[in-house]
């Protein structure tokens with residue numbers, strides 16, 4: 001495997017459009033519903049960088065750091081990290097790799113390892129003792145990559161839309177399901193009665209006396 005040395009630096013607002021191809025590849029790694037969320041996350045990423053959000057201040061560990069990996073003028077990778085100072089499975093401050101992605105055409109050249117080296121630098125800067133990564137569930141290559149580097153499965157993160165969860169919880173409330181079934185049954189009976197009323201009636205034959 002040949003090694004490509006890249007330049008890793010914070011993403012500037014004017015560089016964001018150049019990262020769109022990477023995000024398009026990222027969307028293909030997820031199920032359609034999650035991919036739509038990834039597109040929304042890209043909008044948030046644009047806003048974050050454009051607003052010059054404070055980036056992981058060493059004193060507080062608050063914020064987000066967004067870095068790009070560049071091979072000359074071509075973007076070949078992106079890294080988004082945040083910090084967490086509370087979770088049952090972390091001992092103190094931890095660095096969370098929300099996104100680490102290398103373009104498919106630039107993989108197998110050591111760029112992912114260089115991005116992780118940058119994560120180590122951030123961890124040392126903030127005094128963090130642990131590093132955690134978010135990995136797409138169906139990306140086997142990424143899981144193997146992290147496993148070889150000593151990352152062990154600790155927890156599973158699942159996602160649900162707020163409106164979808166609200167509907168699910170409403171459907172599981174005691175008596176709610178029975179109420180919905182009753183409403184459905186009444187609605188069906190009303191529709192059937194309405195259909196019978198609207199149905200054309202057969203003409204009633206008129207009896208006439210034969211004049212002859």
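The values are calculated or read from the model by the stated rules, or taken from the named source; none is laboratory data. Keep in mind the model is a prediction, meaning the values are calculated, not measured. As a convention, Cβ positions derive from the backbone with ideal geometry for all residues, glycine included, and neighbour counts pool all protein chains shown.
Given (1) modelled with pLDDT of 90 or more; (2) closer than 24 Å to residue 25 by Cβ; (3) surrounded by 11 or more Cβ atoms within 10 Å (Cβ to Cβ), where does residue 137 come up short, assuming only one miss?
(1)
Which ones in region 165-196 are in contact with a helix residue (DSSP H, G or I) (Cβ under 9 Å, 6 or more places away or on another chain) and at pLDDT 70 or above?
170, 171
I'd like to check something: does region 142-162 contain any residue that is at pLDDT below 90, assigned to a helix (DSSP H, G or I) and loosely packed, with under 10 Cβ neighbours inside 10 Å?
Within region 142-162 (the criterion being at pLDDT below 90, assigned to a helix (DSSP H, G or I) and loosely packed, with under 10 Cβ neighbours inside 10 Å), the answer is yes, since at least one residue qualifies.
Say we look at region 116-126 and pick out the residues that are farther than 11 Å from residue 81 by Cα and in contact (Cβ under 8 Å) with a residue 60 or more places away in the chain; which of these is surrounded by the most Cβ atoms within 10 Å (Cβ to Cβ)?
Of everything passing the filter in region 116-126, 126 is surrounded by the most Cβ atoms within 10 Å (Cβ to Cβ).
Restrict the check to region 63-83 and report whether at least one residue is modelled with pLDDT of 80 or more, exposed (fewer than 12 other Cβ atoms within 10 Å of the Cβ), in contact with a strand residue (DSSP E or B) (Cβ under 9 Å, 6 or more places away or on another chain) and under 20 Å from residue 9 (Cβ atoms).
yes
From the list 98, 139, which one is in contact (Cβ under 8 Å) with a residue 12 or more places away in the chain, under 23 Å from the mean Cα position of the chain (by Cα) and closer than 19 Å to residue 85 by Cα?
Of 98, 139, the one residue that is in contact (Cβ under 8 Å) with a residue 12 or more places away in the chain, under 23 Å from the mean Cα position of the chain (by Cα) and closer than 19 Å to residue 85 by Cα is 98.
So which residues in region 101-113 are more than 16 Å from residue 66 (Cβ to Cβ) and either touching a strand residue (DSSP E or B) at 6+ places or on another chain (Cβ under 7 Å) or in contact (Cβ under 8 Å) with a residue 40 or more places away in the chain (or both), if there are any at all?
Matches in region 101-113: 103, 104, 106, 108, 109, 110, 111, 112.
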